[in-house]
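Shown next, in C-alpha cells, is the structure this report addresses.
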Amino acid sequence: MESNNEEMLFHVSRPAMAGEFEVCFPAERYPHGTVVAIDALDAVEEVEQQLSFFRPGSEIHRINLLAAEQPVEVEPRLFGLLQTAMRLFDETEGAYDITATPLWEVWGFAERAGRVPAEAELAEARKCVGGHLIELNASARTIRFRNPGVRISLGSVGKGFALDRCGERLLEEGLEEFLLHGDQSSVLAQGRVWEIGVRNPQNPDRRLGTLRLCNQALGTSGVQYQSFEHEGHRFGHLFDPRTGMPVEGVLSTTVIAPQAALADMLSTALFVMGPQKALDYCATHANIGVVMVTPCSAGKAAEISVAGIAEDVWTPVADEDGAGEKSDR
C-alpha cells in the first residue's frame, strides 16, 4: 500500500478475525497517532465478540439461539447492519443472503472438509435459507425468524464493519488521514488519495492493477483460499443462496463503496450475480464500482471487467499473462 507522496508512514497492526488488521497514517502530521491507532483497533475485538458465529456470548449466537421462538432485541448498530443486509437481499434478487449458513455447513466448509452433499441433504439445508425467513421490526428494533432452523452469519461483512468502526474512532480523535486494512480483503481509505493494489486471484504474488481511493472503501471476494476438488471439479465456498450451489465462472470481485461494510457485502453479492448483472448493478447505483475477474479461454488467463470506476481511479498492469480487460465505466 502506498500514499501519493513521499512522507514517512507509520503502521500499527493487530491480529484479529483470523487475519491482521492495520492502521497506516502519516507520522509527522499525527505524532499522537500510534496511541490513537491502538485504541481504535480495540473496535475490531468488540465487533468480533458481537458478530462471531461460534462464540457462545456473541450477539449473533444469541439471535440464532432465540429468534425462531421470539423477537430478539438487537443493538442499534447491528440492527442497522441487518437492515442493510435485507435491503441488499432485495436489490440483488437474493444473491446476498445472510441465512446461507446451512449451505456452508452441508458442503463441509464449516469443518474445513469440503464434500459434495447428497441431493436430499442439500434440499433439507435449502429449507432454512432465504431472506424471506427473516422479520425485522424497526420500531422495536427486533429480529425474528419465521422458521426453525434459520440462522444468520455476518462473516461476509465482519471485517468491513470493524473497519468502519475503527475509522469512526480515528476521526473522533482527530486523525483524519489514514488507511485501514482488514487482512487482505477489506480496506478503508480516508483523507487523501491512497493507492491500493488489487491482487491477481490466479497468482496472488502479482497485481491486476491499482485503485486510487479517497474517502472510500474496498472489499474483495474470491474462492482461491477456500475450495476443494471432487472428481476433477473444483468447488468454492461462495454459494448462490437461490440454488444452494457453489458459484462458478467468477474468480474474484473487488468492489468500491462509501463504507467498508457495504463494500464487503457487495463484493459477495456481485460475485454471486456474475459479470453482466454485476455490471448492470453498478450502472444503476451511484458510488459503487467493481473490478471482476472471470476465467477466459482462447489463450488468455482471465478477463477483467470494470464498471462504475473512473479511468483515473483504476490502472491495470501490463498485459503480461494474456489477461484481457473490458470496461463499462
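No lab work stands behind these numbers, since they all come straight from the coordinates. The structure displayed is predicted, hence computed values, not measured ones. Reconstructed Cβ throughout: ideal geometry from the backbone, glycine too, with neighbour counts over all protein chains shown.
Ordering H237, V116, Q70 by Cα displacement along the dipole of the chain toward the positive end leaves Q70 in first place; charges were set at the Cβ atoms of Lys, Arg (+1) and Asp, Glu (-1).
Place a point 7 Å from the Cα of E248 along the Cα-to-Cβ direction; which residues of segment 86-106 have their backbone N under 12 Å from it? The answer is none. Ordering F79, W107, V129 by the projection of their Cα atoms onto the charge dipole of segment 55-145, which places +1 on the Cβ of Lys and Arg and -1 on the Cβ of Asp and Glu, puts F79 at the extreme positive end. Residues M265, M17 in ascending order of nearby Cβ atoms (within 10 Å, fewest first): M17, M265. Computed extension length for A283-Q226: 17.5 nm, one decimal, from 0.36 nm per residue of separation with the Cα-Cα distance subtracted. Calculated mean residue ellipticity, 222 nm, the chain: -8500 deg cm²/dmol, from DSSP H runs (n ≥ 4) at -39500 (n - 2.57) each, averaged per residue and rounded to 500. Basic side chains Lys and Arg get +1 at the Cβ, acidic Asp and Glu get -1 at the Cβ, and with that the dipole of the chain about its Cα centre reaches some 760 debye. In a simple Cβ point-charge model (Lys, Arg +1; Asp, Glu -1; nothing else charged), segment 116-198 has a dipole of about 500 debye relative to its Cα centre.
Within the listed set L41, L66, L188, the residue fluctuating most in the Gaussian network model of the chain (springs between alpha-carbon atoms under 10 angstrom) is L66. Projecting the Cα atoms of T34, L179, G160 onto the charge dipole of the chain, computed from C-beta unit charges around the Cα centre, puts G160 farthest toward the positive end.
Sorted ascending by nearby beta carbons within 10 Å, beginning with the fewest, T243, T99 become T243, T99. For A138 and E111, the FRET efficiency from 1/(1 + (r/R0)^6), where r spans their Cβ atoms and R0 equals 51 Å, is about 0.90.
Protection proxy ranking of 286-294, 256-264, 196-204, by the mean of other Cβ atoms within 10 Å over each peptide's residues and highest first, is 256-264, 286-294, 196-204. When the chain is treated as a GNM with alpha-carbon contacts under 10 Å, the residue of D240, D164, D312 showing the greatest mean-square fluctuation is D312.
Per residue, the convex hull spanned by the alpha carbons of segment 170-329 comes to 125 Å³.
Going from the residue with the fewest nearby Cβ atoms within 10 Å to the one with the most, C128, C282 rank C128, C282. Each Cα pair under 8 Å and six or more residues apart adds its sequence gap; the mean of these over the residue count of the chain is a relative contact order of 16 percent. Divide the volume of the convex hull around the Cα atoms of the chain by the residue count and you get 136 Å³ per residue. Gaussian network model of the chain, Cα springs within a sub-10 Å range: biggest mean-square fluctuation belongs to which of G174, G232, G160? Highest fluctuation of the listed residues: G232.
Normalised by 2.2 N^0.38 Å, where N is the number of residues, the C-alpha radius of gyration of segment 1-148 stands at 1.36.
Placing R0 at 22 angstrom, the Cβ-Cβ distance between D205 and E311 gives a FRET efficiency of 0.25 after rounding to 0.05.
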